[in-house]
Amino acid sequence: MQIIKKHILISITIVCAFFIAWYVVDRADIADVFFGPDKYSKVLDSTYSSEQISFTNTVGQSHVFDVLIADTDELKKRGLGDRNSLGEKEAMLFVFNEDEKHYFWMKDMNFPIDIVWLNADKKVIYIERNVATSTYPEVFGPKEESRYVIELNAGISDKVKLQAGDVFNF
């Protein structure tokens, strides 16, 4: 009987330690250990709707991105902060109800990004390239009002030759 009680106590201790570590340490890193890389991010992504957006650059090359859509205050606040990475053809699209000056920062970000601001016509009005995580609490944004903001992996906007004046389709 003593051995059974001892094993139960050890099991409870291990389970409690796991849950304490889960909340104290970065949850995504612990999830990676138990479930494999990016499984935790995929679960979080299920709260976002998704679609494809595209644009054609000035040299006639078309590019398509799979985007997670942040269209509620909660999703906009979370943004990409829960993720450890984005695929090369993945992005996040922030959708705002009105044209305003929308500023972004790198709070809780785990990787650098390019940030692209679009007007109501989905035309690129400003790009902040290669924004490092170390820039927090600095804020970024154009002087003009925007309706949409797209976050891409750092360097992708250069790779696909994205520039002000290009128009996205979605």
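Here are the numbers for this structure:
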read-out: Failed criterion for PRO137 (all others in (1) part of a strand (DSSP E or B); (2) farther than 20 Å from SER50 by Cα; (3) open to solvent by 40 Å² or more (accessible area, probe 1.4 Å) hold); value: (1)
read-out: Residue that is at pLDDT 95 or above, over 19 Å from LYS161 (Cβ atoms) and outside any strand (DSSP E or B), where the choices are ASP121, ASP99; value: ASP121
read-out: So ASN130, is it in contact with a strand residue (DSSP E or B) (Cβ under 8 Å, 6 or more places away or on another chain) and not in a loop (DSSP other than H, G, I, E, B); value: yes
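The values are calculated or read from the model by the stated rules, or taken from the named source; none is laboratory data. Keep in mind that this is a model prediction, so the values were computed, not measured. Positions of Cβ are backbone-derived with ideal geometry, glycine not excepted, and every protein chain shown enters the neighbour counts. Protein only, heavy atoms only, side chains kept; ligands, DNA and RNA dropped before computing areas. Shrake-Rupley method; radii C 1.70, N 1.55, O 1.52, S 1.80 Å.
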